[in-house]
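The structure under discussion appears below in the form of structure tokens.
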Amino acid sequence: DSSLRIDLSWNSSQEAAGYNVKRSITPGGPYATISSQNYAGFTDVGQTNGATYYYVVSAFNANGESANSSEVSATAQAVPNFGFELPNLGSGNYTYAPSGGSWIFNGASGNGSGVLANGSAFGSPNAPEGSQAAFVQGYGNFSQTLSGFVPGTNYTITYSAAQRSGASQHGGESWNVTIDGNVISSNSPGSTSYATYTANFTATAPYHTLAFVGTDLAGGDRTVFIDDIAIQQTAAARGAN
């Protein structure tokens with residue numbers, strides 16, 4: 001199923017010409033090389049839903065191949081609507097507090113959250129992933145409980161955000177990213193075009209609730225658009241000698 005994916009990233013090595021990504025279905029190997037590439041990231045797709053996979057990375061250059069990195073594990077699961085394509089609204093539409101898309105939205109116009117499609121009355125830039133995005137106004141928020149985390153492991157949340165255009169939106173909406181109610185990042189967009197934001201946390205349980213929470217520091221019903229969320233576990237590759 002191509003909707004199942006595991007995203008991997010690791011620290012690059014200045015000495016490396018490329019990296020071998022290796023996978024096993026049992027901890028400690030044996031590992032099979034599934035990709036050789038020259039960039040520090042890989043998305044493994046088409047795996048079995050609910051199955052756990054084990055990964056290591058090695059670096060290589062003209063002198064040979066390094067030892068494997070420390071092992072990381074991840075459980076394959078369907079991407080939980082990280083692009084806000086559900087529910088499908090149709091071009092030009094928007095809705096507050098929609099249901100049926102795995103995220104929990106709250107509130108109403110001026111102080112709420114929801115989903116909008118390209119071409120809606122919000123005048124948002126086209127979504128960077130698919131044709132829909134989420135929005136937050138005032139103190140609105142949206143959240144989802146996610147599974148598959150490995151306790152003690154560091155994760156990076158990456159997403160795109162943009163502020164609504166218009167004089168009344170000057171300064172933009174502010175918002176926090178939270179895990180289980182704890183703030184891991186505070187933000188305010190600086191552009192009406194989408195830019196990439198990151199937040200980091202260490203898992204303490206297999207399940208955590210991710211939320212985007214409006215803090216409305218500028219006052220009013222200012223709006224931020226959010227899309228294309230990804231969560232990655234980081235593995236550090238050793239440099240080749």
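The values are calculated or read from the model by the stated rules, or taken from the named source; none is laboratory data. Please read these numbers as outputs of a predicted model, since none were measured by experiment. Ideal geometry is used to build each Cβ from the backbone, glycine not excepted, and the neighbour counts take in all protein chains shown. Accessible surface areas use protein heavy atoms only, side chains included; no ligands, DNA or RNA. Shrake-Rupley method; radii C 1.70, N 1.55, O 1.52, S 1.80 Å.
Hey, which of the strands (runs of 3 or more DSSP E) in segment 1-74, taking only ones fully inside, have at least 3 residues that are open to solvent by 30 Å² or more (accessible area, probe 1.4 Å)?
Hits in segment 1-74: 32-37, 41-45, 52-61.
Could you check SER124 against (1) at pLDDT 95 or above; (2) touching a Phe, Trp or Tyr at 6+ places or on another chain (Cβ under 6 Å) and say which number it fails?
So the condition that SER124 fails would be (1).
Can you name the residue in segment 223-232 that is under 14 Å from the mean Cα position of the chain (by Cα) and open to solvent by less than 40 Å² (accessible area, probe 1.4 Å) and, of all such residues, is farthest from GLY41 (Cα to Cα)?
ILE226
Among the numbered conditions (1) part of a loop (DSSP other than H, G, I, E, B); (2) under 29 Å from GLN233 (Cβ atoms); (3) modelled with pLDDT of 95 or more, tell me where LEU86 comes up short.
Of everything listed in (1) part of a loop (DSSP other than H, G, I, E, B); (2) under 29 Å from GLN233 (Cβ atoms); (3) modelled with pLDDT of 95 or more, LEU86 misses just condition (3).
I'm told GLY220 meets every condition in (1) buried (at least 20 other Cβ atoms within 10 Å of the Cβ); (2) closer than 22 Å to TYR96 by Cβ except one. Can you identify the failing condition by its number?
Among (1) buried (at least 20 other Cβ atoms within 10 Å of the Cβ); (2) closer than 22 Å to TYR96 by Cβ, GLY220 violates only (1).
Only residues that are open to solvent by less than 40 Å² (accessible area, probe 1.4 Å), part of a strand (DSSP E or B), within 17 Å of THR209 (Cβ to Cβ) and not small (Gly, Ala, Ser): list them for segment 134-154, please.
Listed by number, the residues that qualify are VAL136, PHE142, GLN144, LEU146.
Which members of segment 214-232 meet the condition of being at positive phi and not in a strand (DSSP E or B)?
ASP216, GLY219, GLY220
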